[in-house]
1. For segment 282-338, which positions are within 16 Å of the ligand (Cβ to nearest atom), of a type in the set (Lys, Arg) and more than 25 Å from ALA96 (Cα to Cα)?
2. Select from segment 289-341 the residues that are in contact (Cβ under 8 Å) with a residue 60 or more places away in the chain and aromatic (Phe, Trp, Tyr) and list them in ascending order.
3. Picking from PHE320, PHE327, which residue would you name as being open to solvent by less than 50 Å² (accessible area, probe 1.4 Å) and either among the aromatic types (Phe, Trp, Tyr) or touching a strand residue (DSSP E or B) at 6+ places or on another chain (Cβ under 9 Å) (or both)?
4. Can you tell me which residue in segment 277-294 is surrounded by the fewest Cβ atoms within 10 Å (Cβ to Cβ), limited to those that are assigned to a loop (DSSP other than H, G, I, E, B) and of a type in the set (D, E, K, R)?
5. Looking only at segment 117-137, which residues are over 20 Å from GLU267 (Cα atoms) and near the ligand (Cβ under 9 Å from one of its atoms)?
6. Out of curiosity, is GLU419 open to solvent by 70 Å² or more (accessible area, probe 1.4 Å) and either under 39 Å from the mean Cα position of the chain (by Cα) or modelled with pLDDT under 95 (or both)?
7. Being aliphatic (A, V, I, L, M) and more than 20 Å from ASN251 (Cα to Cα) is the filter here, so list the residues in segment 189-210 that pass it.
Amino acid sequence: MIKLVKGFKDILPEEAGLWQHVEMLVRELLEDFGFAELRIPILEQTELFARSIGTSTDIVEKEMYTFIDRSGESLTLRPEATASVVRAYIEHRLYAKNPVRKLYTIGPMFRRERPQKGRYRQFYQINAEVFGLHDPRADAELILLLMTFMGRLELSGIVLHINSLGCPACRPRFKDALKSFLTGRSEQLCSDCLRRRDKNPLRIFDCKVPACKETMQDAPSILEHLCNTCQSHFEIVKTSLDRFQMPYQVNPRLVRGLDYYTRTTFEVLAETLGAQDAVAGGGRYDGLVKALGGPDQPGIGFAIGIDRLMALLAGRAQDFEKRPHIFIAAIGEQAQNIAFQWVQDLRRQRVRAEMDFENRSLKSQMRRADKLGVTYALIVGDRELDDGAAVLRNMTTKEQEKVSLQNVVTLVANRIRAEQSIH
Ligand code: HAM
C-alpha cells in the first residue's frame, strides 16, 4: 500500500469542521482589523527565500524543498509566507496608492525538519502582514489582534513573549558583544554553533544542545545594547500593551529563526504542547521590502501555526463536525420517491438531509440514522402514506410525532433552524 510521505499528514473529515471554524473566526477578525486576503503561490524562486530568511538560518541551510525545474530554474516550496507577501507587495506595486497595506494569507508551508509531535514537513499557517507603519503602536495592535484571536478560541495556558532585536545601527554592537563573550568558550559549543559564532551568532540562542543552552545562560542581553530609538520604540510597544492589560514576558533570548527581523519580535507559547511549544510568532522587518527591491517601507507581521492550534483545541473537533440534521427512513418504492424529493427540498433550505437508496429494512435504516448522529429521523412507509402523515422521531428524547405529508419540509426546516439559533 502506498502511504503518506514522512512528516506529511491528512486532515480527516472529523477534524475538518474545526479547521473551517478556526479559519472562519480568523478571517472575520482580520477583516475587522482592516486586513484583506492575498492568495500567493506555493512555489517561488529559491532566491526569494535565501535572500529574505537568510542564508545562514536552519530553514535555508537545510530545510527547504528545493528542486531544479526543467527550465533549469531553482524553485522552492515555500517554507513561510512573509517573503512571498513582500514579493507580491513589490511586484504588484500594492504600495502605490497607499503604502499602508494589511494583508493576510492562509495555507500550507513546507520545511524538511525532523518530524516529531507538533512538527510536520507540511504544516499550515495563518499569516498576517502590515506594511507602511513605523509607529510602535502598530506593533502593539498586531500583538493585540493575535491575542484577541487566542482569546476567542478560549485557549488557556498560553503566554506571550516579546523582545526587541534592535536595528542595523545597534545590532552589530550586540553581535560584537556576543562574539567576544563566546571567544574562549569554544569547547562549550557544538560544531554548528561554532560555525554560527562567526556567521550569525544570534542563532546560537536557538540551539537545543544542552551545553550550548547552558553557555548562553550568561550571554549578554540584546536589550542592554539597543540604541535610543530602538529602546523608546520597545518602551512604547510595552506601554501600549499595558494600556490594554495584555500580560507579556520580556524575553531577551527570543531571537526567532529568520534573519529579517528588526526591533519587535514576539511569540505565543503553550506549555502543554511540549518541545514544539510555539503556536505563533512574528515581528517587525523594516528593511526587508527595500532589500527585495521595493520602496523603503517598514513591515510587521505574524504567523499562527494551525496544526499546533488544533493540538490545543483537541477534543473540540466533535462540536464542529457537520453531521446531517435529519435522516429519512423510507420503506417501499413510493415512499422512497417522496423522500427523495424531500431530501432535495430540505437541502435547498440548508437542512442537511440524508436517505438510503438501498431499500433496507426500517431497523437497519434507523441504525444508520443513529450512526450518522442525526437529531431527527423521519419515517415514511406504506402505512404513513395511507395515513397522510410521516413520523418524526427526535433521536435524543426518542419522542415521536405525526407530521402531515404536505407540511413535512416546512415543519422540519423551521424546527431545525429554530434549534440552531438556540445553540
Ligand atoms: P515561524 O516562527 O517560523 O515564523 O512560524 C510561525 C509558526 O508556524 C510557529 O510558531 C509554529 O506554530 C508554526 N510552525 C513552524 N514550523 C512548523 C512545523 N514544522 N510544523 C508545525 N508548525 C510549524 C514564520 O514563519 C514567520 N513568517 C512569521 C512572520 C510573519 N513574521 C513576520 N510575519
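1. Scanning segment 282-338 gives a single hit, ARG308.
2. PHE302, PHE320
3. Working: PHE320 fails: open to solvent by less than 50 Å² (accessible area, probe 1.4 Å).
None of the other options fit; the residue is PHE327.
4. Just the residues of segment 277-294 that are assigned to a loop (DSSP other than H, G, I, E, B), to begin with: 277, 285-287, 292-294.
Then drop every residue that is not of a type in the set (D, E, K, R), which leaves 277, 286.
Working: ASP277: 16, ASP286: 20.
Per the criteria, the residue is ASP277.
5. ARG121, GLN122
6. Details: open to solvent by 70 Å² or more (accessible area, probe 1.4 Å): no; either under 39 Å from the mean Cα position of the chain (by Cα) or modelled with pLDDT under 95 (or both): yes.
Here the answer is no, as GLU419 does not meet what is asked.
7. So the first thing to find is which residues in segment 189-210 are aliphatic (A, V, I, L, M), and the list is 189, 194, 202, 204, 209.
LEU189, LEU194, listed by residue number.
Residue by residue, here is whether (1) assigned to a loop (DSSP other than H, G, I, E, B); (2) more than 16 Å from the ligand (Cβ to nearest atom); (3) farther than 17 Å from ARG185 by Cβ; (4) free of Cβ contacts under 8 Å to residues at least 12 places away in the same chain holds:
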site	(1), (2), (3), (4)
ARG197	no, yes, no, no
ALA219	yes, yes, no, no
CYS230	no, yes, yes, no
GLY257	yes, no, yes, no
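The values are calculated or read from the model by the stated rules, or taken from the named source; none is laboratory data. If you're wondering where the values come from, they're calculated on a predicted model, not measured in any experiment. Neighbour counts are summed over all protein chains in view; Cβ atoms, including those assigned to glycine, are modelled from backbone coordinates with ideal geometry. Just so you know, the surface numbers come from the protein's heavy atoms only, side chains and all, with ligands and any DNA or RNA stripped out. Shrake-Rupley method; radii C 1.70, N 1.55, O 1.52, S 1.80 Å.
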